[in-house]
Amino acid sequence: MAPASGTHPLDPLSKDEIGEAGAILRAGGRISDAARFVSIALKEPPKAAVQTFPDGPAPDREAFVVLREPRQRATYEAVVSLTRGTVAVWRHVPDAQPALTEAEFLACEEAVRADPRWQAALRRRGVVDFSLTVVDSWTVGCEGPADERRGRRLVHALTFVRTGPHDNPYARPVEGLRALVDLDGMAVLDVTDEGGPPLPPYAGNYATGLIARDDNWTAVTGPGPALRPIAITQPEGPSFTVDGHAVSWYKWRLRLGFTPREGLVLHRVGFVDAGRERPVLYRASLSEIFTPYADPGLVHRHKAAFDEGEYGAGFVVNSLEPGCDCLGEIRYLDVDVHDDHGAPVTLPRAICLHEEDVGVGWKHTDLRTGEVETRRQRRLVVSSFAVLGNYQYGYFWHFYLDGTIEFQVKLTGMVSTGAAGPDTAPRFGTLLAPGLYAPNHQHFFNVRLDMSVDGEKNAVHEVDAERLPPGEDNPEGGAWIARRTLLASETAAQRLACPATGRFWLITNPTVRNRLGEPVAYKLVPGTTALPQVHQGSSAHRRAAFAFKHLWVTAYDPGQLFAAGDYPNQHPGDGLPVYAAADRPLDGADLVVWYTFGDHHVVRPEDWPVMPVTTVGFQLKPFGFFDGNPALDVPPPRTHCSEGERRGSTQ
Ligand code: NI
């Protein structure tokens, strides 16, 4: 099938291409009727082919496909050439457990509900209407390379009981009950029932119409005071344009991508400076999420989710609603994913683009003349929202007029819960309502930044404040310098943030100088910094080693995309420590920056029954990339404040 005219080599697979990939594989006779399509995504062409496009030849359109054959208990990878209609690569991946599919997740719930041992356990707790139960699959982890369970596709199934069909399921967790399910055979292998505290008594609802119910644990009894409308109007439309997957806003240029595993992907982010588009990022995406829980109880001790590699962040994006998720002049992009059979599925309005005014961008008042110059700041927002079980993660990329790039994750939804029993103070978490608690936990987000600061030859320097000793050249003891240390190789480039020295990292291009003669650079400004609190030496530590360093830098390798490896599910440990083991040199290399930020979540009572958004993230800011303030030429606001307004009436 020839690609549609106008297709860019980095455009995500279209609906037709997804269907075609499945059809080519089936026609080749390699796969069974029972095969589950875990992932069908664009196999991105080599950088050189992308960078010469459209002057050079268009590279073949290829799909990278991951399949699970449940009868064989085997995982396969394929590269399908859509241009040639052939299977270019077909291989078995030993010991690989790919991400759970949505169909597996739902089938597991049905299998558990039909199990007599599980039914008996619920009857012992007084639950007879099993239609009110919710059964969530949680991955089981891995004890090490010798873990005998690795060949079986296992999950722990945890149970919750609603009081009505629309109630919050997470308000009434069943403590002390865990089922072990083999997803290949969709068979319940074991049901463990240790007994435990009773179901918490309150419904924990959050939806209008349910919150005022008298069996709900909340002080809310009805709607709050009325709020008057805020209307965002852009009578001339937004200042950005979308052409296919290419976005242009102010001086920013970027391409939007999407994969079932990562969700939103940004390609080829650049800034037009004096008429020339200067690259900053070749590719940026969320590479992994790690969410470990602190409670050693039966149903909680294995909760250490790799939300992306074990569940997939792209399949679960919301269809966004104007006026709810975003305000203003909005442009949406649909995305195409697929079902377990490889059939295309469109997720409408999955990516939102809009502009936001974010207050003052820069300002100065001349004390003596009273003249005021003020410019507004605004940003382009590219966002999506994913549902990962109880949690919702909003992913927000921001581009600012002053050359800053920001990535934020907004965490909301339900905290993961446990039953505490009456008059019990939970040791490993926070009481939320009578008999209900939430374990301490953490969320780590690793972003893979394939940097391209004015080209592919980059280097990373760590910058720390360093106090100088008092002496002749420091008579008042106030002298300090910004010490730059080159991170010359992959072993040296595994770093922690250090708020005490104001540490940051500079991604420079040693071959391109600014007008002051310095290498052009972007600065990575670290966000929040707690480390995983899992024991060093535990299996979770080996599996999530990436999260124990805030920053890693590796030499570019198109096969190294995920901080915890390609298949973290039931894997003893992969990803960044393996990638960096080669200790490749980084000075002047095509390099990839991996940055981890997190939310250290000691749950608050206010996080119940639904969490107010918590925002975590980081920024990339130009540092000598420009020869001065790149927002100097932002047009003044069309009001009197730009006209050299006199200060007050007293002058
Ligand atoms: Ni949390």
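The values are calculated or read from the model by the stated rules, or taken from the named source; none is laboratory data. None of the values given here were measured: they were computed from a predicted structure. Don't worry about glycine lacking a Cβ; one is built from the backbone with ideal geometry, like all the others, and counts go over all protein chains shown. Side chains are part of the model used for accessible areas, which takes the heavy atoms of the whole protein and leaves out ligands, DNA and RNA. Shrake-Rupley method; radii C 1.70, N 1.55, O 1.52, S 1.80 Å.
One residue stands out among those in region 587-609 that are open to solvent by less than 70 Å² (accessible area, probe 1.4 Å) and of a type in the set (A, V, I, L, M): the one that is nearest to the ligand (Cβ to nearest atom), which is VAL603.
Here is a yes/no grid of residues against (1) in a loop (DSSP other than H, G, I, E, B); (2) exposed (fewer than 13 other Cβ atoms within 10 Å of the Cβ); (3) within 16 Å of the ligand (Cβ to nearest atom); (4) of a type in the set (S, T, N, Q):
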| site | (1), (2), (3), (4) |
| --- | --- |
| ALA207 | yes, yes, no, no |
| ALA212 | yes, no, no, no |
| THR218 | yes, no, no, yes |
| GLY224 | yes, yes, no, no |
| ARG253 | no, no, no, no |
| VAL272 | no, no, no, no |
| LEU281 | no, no, no, no |
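Of all positions in region 387-399, none carries a residue that is polar (S, T, N, Q) and either away from the ligand (no atom under 16 Å from the Cβ) or on the phi > 0 side of the Ramachandran plot (or both). Summed over region 404-431, residues that are charged (D, E, K, R) and closer than 21 Å to VAL610 by Cα total 1. Residues in region 304-327 that are open to solvent by 10 Å² or more (accessible area, probe 1.4 Å), assigned to a strand (DSSP E or B) and more than 16 Å from the ligand (Cβ to nearest atom): VAL317, PRO322. Restricting to region 409-425, name every residue that is within 16 Å of the ligand (Cβ to nearest atom) and either surrounded by fewer than 20 Cβ atoms within 10 Å (Cβ to Cβ) or at positive phi (or both). Hits for region 409-425 are LYS410, THR412, GLY413.
Among the residues of region 283-303, those that are outside any loop (DSSP other than H, G, I, E, B) and either β-branched (Val, Ile, Thr) or open to solvent by 20 Å² or more (accessible area, probe 1.4 Å) (or both) comprise ILE289, THR291, TYR293.
For region 70-94, what are the residues that are in contact (Cβ under 8 Å) with a residue 60 or more places away in the chain, outside any strand (DSSP E or B) and not basic (Lys, Arg)? PRO70, LEU82, THR83, GLY85, VAL93 - these are the residues of region 70-94 that are in contact (Cβ under 8 Å) with a residue 60 or more places away in the chain, outside any strand (DSSP E or B) and not basic (Lys, Arg).
With respect to PRO572, determine if the residue is more than 30 Å from PRO145 (Cβ to Cβ) and touching a residue at least 24 places away in the same chain (Cβ under 8 Å). It is false that PRO572 is more than 30 Å from PRO145 (Cβ to Cβ) and touching a residue at least 24 places away in the same chain (Cβ under 8 Å). Can you find even one residue in region 465-483 that is buried (at least 16 other Cβ atoms within 10 Å of the Cβ), part of a strand (DSSP E or B) and not assigned by TED's automatic domain parsing to the domain that holds ALA171? No, region 465-483 contains no residue that is buried (at least 16 other Cβ atoms within 10 Å of the Cβ), part of a strand (DSSP E or B) and not assigned by TED's automatic domain parsing to the domain that holds ALA171.
Note on region 1-15: residues that are at pLDDT 95 or above, open to solvent by 30 Å² or more (accessible area, probe 1.4 Å) and either part of a loop (DSSP other than H, G, I, E, B) or farther than 26 Å from THR75 by Cβ (or both) total 1. Yes or no: region 167-178 includes at least one residue that is out of contact with any Phe, Trp or Tyr (no Cβ under 7 Å at 6 or more places or on another chain), modelled with pLDDT of 95 or more and closer than 17 Å to ALA99 by Cβ. Among the residues of region 167-178, not one is out of contact with any Phe, Trp or Tyr (no Cβ under 7 Å at 6 or more places or on another chain), modelled with pLDDT of 95 or more and closer than 17 Å to ALA99 by Cβ, which makes the answer no. For region 596-621, residues that are touching a Phe, Trp or Tyr at 6+ places or on another chain (Cβ under 6 Å) and closer than 29 Å to TYR400 by Cα total 7. Scanning region 610-636 for residues that are over 27 Å from VAL415 (Cβ atoms) and loosely packed, with under 14 Cβ neighbours inside 10 Å gives ASP627, GLY628, LEU632, ASP633, PRO635, PRO636.
A single entry from ARG117, ARG26 fulfils the requirement of being part of a helix (DSSP H, G or I), open to solvent by 50 Å² or more (accessible area, probe 1.4 Å) and closer than 30 Å to ALA419 by Cα: ARG117.
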